[in-house]
1. Using 0.36 nm per residue, how much length does the chain from LYS118 to VAL76 gain when fully extended, once their Cα-Cα distance is taken away?
2. For the range 76-84, just list the computed ³J(HN,Hα) in residue order, Karplus coefficients 6.51, -1.76 and 1.60, θ = phi - 60°, integers in Hz, with x standing in for Gly and Pro.
3. Can you give me the long-range amide H partners of MET61? Hydrogens built in the peptide plane at 1.01 Å from N, cutoff under 5 Å, separation of 5 or more residues or another chain.
4. Got a sec? Which residues in the range 40-76 would a label at LEU142 touch, if it sits 7 Å along Cα→Cβ and we count backbone N under 19 Å?
5. Could you tally the net charge around GLU104, taking each other residue with its Cβ under 14 Å from the Cβ of GLU104, Lys/Arg +1 and Asp/Glu -1?
6. What are the residues whose amide H is under 5 Å from the amide H of LEU111, where those residues sit 5 or more places off or on another chain and H is modelled from the backbone?
7. Could you derive backbone 3J(HN,Hα) for the range 61-71 from the dihedral phi with the Karplus parameters 6.51, -1.76 and 1.60 (θ = phi - 60°), listing whole Hz in sequence and x where the residue is Gly or Pro?
Amino acid sequence: MMRLSEQGGDQSSGGGNPPSTMASPVKAPPVAQLIAIVEDEPNVAATFRDIFEYERGWRTMMLADGQEALDQIRRVPPDGILLDLGLPGLDGKSLFHMLQAWGETKKIPILIVTGSPKWAIERLGLARCRVLYKPCEMHALLAAMDELLAESAAPESPSAPSASQL
């Protein structure tokens, strides 16, 4: 059995190659983030797709219906979700709450992008969510998704000790 040391030398029994003659292992490029774009307006969805793919190199899956989005996201959980609220089938608010309640998808960051006014978002109980209002600037969209993805990738901080642990 052969294993490589950190210096790259052959550590198999019976001799070995010096580190200088051993080729470094080639690392596969990282897989690009997968972003689900849940938007029923085809031109708007295509714009979001183009921005994410061109500016960040992210892979995208485009979903135009709330129920279709729920089914697909459960089958292939993305790294992040861009969610419109006004969807046919299952509405965006219901989809948001279902995804947050299901164990496999509850930690996926969701960016809500909507044409609804701020008071409507508050009335829907989504005021604490990350929300961008249409029309939004490309840089604001990218910055918001970058932040959400970074937050979800960060290791969870240890919780504070409870009174019984002190």
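1. Extra length from LYS118 to VAL76 when fully extended: 12.0 nm.
2. Rounded to whole hertz, the list is 10, x, x, 7, x, 10, 9, 10, 8.
3. So MET61 has HN proximity to ILE35, ALA36, ILE37.
4. The answer is 44-61, whose backbone nitrogens lie closer than 19 Å to the label point.
5. On the way: positive: ARG74, ARG75, LYS106, LYS107; negative: ASP71, ASP79.
Counting the neighbours of GLU104, the net charge comes to +2.
6. ILE81, LEU82, LEU83
7. Each residue of the range 61-71 in turn: 10, 9, 10, 9, 9, x, 5, 4, 4, 4, 4 Hz.
Every number here is computed from the coordinates shown, using simple stated rules; none is lab data. On a predicted model such as this, the values are computed, not experimentally measured, just so you know. Here the Cβ is made from the backbone with ideal geometry for all residues, glycine too, and neighbour counts use every protein chain on show.
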